[in-house]
Amino acid sequence: MTAAAPTSSRGPLLSLPTLTTLLLITALAAAPHAPRLPAWLLVLAVGCGLWRYWAARRGERLPPGWLRTLLTVGAAAGIYLEHGSLLGRDPGTALLVAMAALKLLEMRQRRDVHVLMYLGYLLAATQFLYDQSIGMIVYLALTGWALTVLLMVAHQARPPANPWRHAHLATTLLLQAIPVMLILFVFFPRVAVTR
Amino acid sequence: MTAATSVLRRQAQRWGLRLGRRLATPATLVYRGIYVLPTRNGLMFAGMLFVLWLTAINYGNNLIFAFTFLLASVALVSILHTFRNLRGLQVTALPPEPVFVGETAVFPLQLRNDSSVARPAVGLELERTLIDLTDVPARSHAGLLLRRPTLRRGLLQPPAVRIFTIFPLGLFHAWSTLELNQPCLVYPAPETGPVPLPAGASSGGKRQGRSGQDDFQELRRYRPGDSPRHVAWRVVARGQDPQTKVFGGENLMPIWLDWNRLATLPKEARIARLCRWVLDAEASGQRYGLRLPGQEIAPGSGAEHRHRCLQALALLP
């Protein structure tokens, strides 16, 4: 794609408060998966998050491309060894966590930020495969709301300094979306899967 | 057969016309002038929803269905918000300041928001490149700037631009194409190097050794553009209307900057020299007139006069 210009020439993609919020919300979306993840993946995910925070705090460069590739291949191989597959519920969510963690180290363009947000939505939604309690529904609805607030800030060419600036608008959007969701929920065709 | 194709073509033309619809400034962005399409991020979002939908089907999970449909609905509702972020916005192209060839022409746009809702992240886009971006607060206005290089003297017409927004979620891109009806006047580039001014009309003699400030004649009302050195500051200090000192020397000996006396030079070189002379004459506080083919600007001085002379030079065919 486009040549990756050094971040220093364009300034940081996101302000430090926005990036910190992004890290926290990604962690929020991934956290309920934690008890089922292998220990090494947890270490990798937390490590990537801390690395990203530290790099942003100090204005350091992100790790080079070959290291990210190595970590990606390594994580995928590890998950395969663990589960004997990359598809299915458990390896699938583990893979999502690994992808989100490694994407943290690759936020060069605005598109990368978007990918991370979408991974956040996927992480939140897949939690319903394990837990459908009322508490979890509330927790994940809040996570989805927070991701939407952040999406409003992160896509802007000049993001506002305060990541919560459009919080009320995200609430409005979600409330306005609920009736549409109910219609879709009732009328959208569902393909029956025969097992 | 041919009738059918011509109908089709006419239809396509109508479509092309509709899609290419441009608003001329000053314009209010109206319903029919705003277009909305998904952004690349919007398509990616749709891809994510598809993955979620497949997951929901595969596991027959109603909560994932609900989550997927909620996100899809948020995206759908966001189209209206994106649209509303532009609709009713009033865009005016303000007259740009004249510049010299080689300088950057700056075309200012004013965005007026009469509604009670702020419009964040409204941008200006040219050939799909972001030029400028601003927030327009409620019941207020904001500005956007389009910068263009200048290569030729004369009137520089700004290109058609897009006012756009992808707020709030960045999934949809709404835009209006605008013709900016305010060209920028581009003065010619002045000649560089030592180019002495031509002698006054009465061919020197008395000019030597006269600073042009000796023969005080009278006071007249201050006019914008008068040299500050000639303002009667004592009058101003007394609290009266500012007056300008008029000197006899100035009135007596205007310089004529004459096109026909530069017959040896090619056309653009003449223009460059006359331009330089206008600037120099103005800077030294003298009165000067300009003779060009088919027009003559009577002697005068001040910013207004300088502008008239430079404009005449810029607009020479």
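What follows draws every value from the coordinates through simple rules; no lab data is involved. Source: prediction; values computed, not measured. So basically every Cβ, Gly included, is an ideal-geometry build from the backbone, and we count neighbours across all protein chains shown.
Assorted remarks:
- At an R0 of 41 angstrom, the distance between the Cβ atoms of B:Asp258 and B:Ala160 translates into a FRET efficiency of 0.50.
- The Rg/Rh ratio of segment A:127-195, with both radii computed over alpha carbons and Rh defined as the Kirkwood radius, is 1.09.
- Estimated translational diffusion coefficient (Stokes-Einstein, Kirkwood radius over Cα pairs, 10 °C, 1.306 mPa s) of segment A:10-187: 92 µm² per second.
- Set of segment B:135-162 residues, backbone N closer than 16 Å to the point 7 Å along the Cα-Cβ line of B:Val30: none
- Each residue in A:Thr171, A:Thr72 was given a count of other beta-carbon atoms within 10 angstrom of its own, and listing them fewest first yields A:Thr171, A:Thr72.
- When shorter helices are ignored and each DSSP H run of at least 4 residues is given -39500 (n - 2.57), the per-residue value for chain A at 222 nm works out to -23000 deg cm²/dmol.
- Computed over neighbours whose Cβ is under 14 Å from that of B:Gln90, the net charge equals +3, Lys and Arg +1, Asp and Glu -1.
- Of B:Thr28, B:Thr129, B:Thr55, the sequence from fewest to most neighbouring Cβ atoms within 10 angstrom is B:Thr129, B:Thr28, B:Thr55.
- FRET E, pair B:Gln110, B:Leu151, Förster distance 25 Å, beta-carbon r, rounded to 0.05: 0.40
- With both labels modelled 7 Å from their Cα along Cα-to-Cβ, the A:Ala39 to A:Asp131 distance reads 2.2 nm.
- Ranked for footprinting exposure by Cβ neighbours inside 10 Å, fewest first, B:His173, A:His168, A:His83 give A:His168, A:His83, B:His173.
- 3J(HN,Hα) couplings calculated from phi for segment A:170-186 with the Karplus curve 6.51 cos²θ - 1.76 cosθ + 1.60 (θ = phi - 60°) are, in sequence order, 4, 4, 4, 4, 5, 5, 5, 7, 4, x, 4, 4, 4, 4, 4, 4, 7 Hz; Gly and Pro show x.
- Computed from backbone phi, the HN-Hα couplings of segment A:125-132 come to 5, 5, 4, 5, 5, 10, 9, 10 Hz, rounded to whole numbers (Karplus: 6.51 cos²θ - 1.76 cosθ + 1.60, θ = phi - 60°; Gly and Pro given as x).
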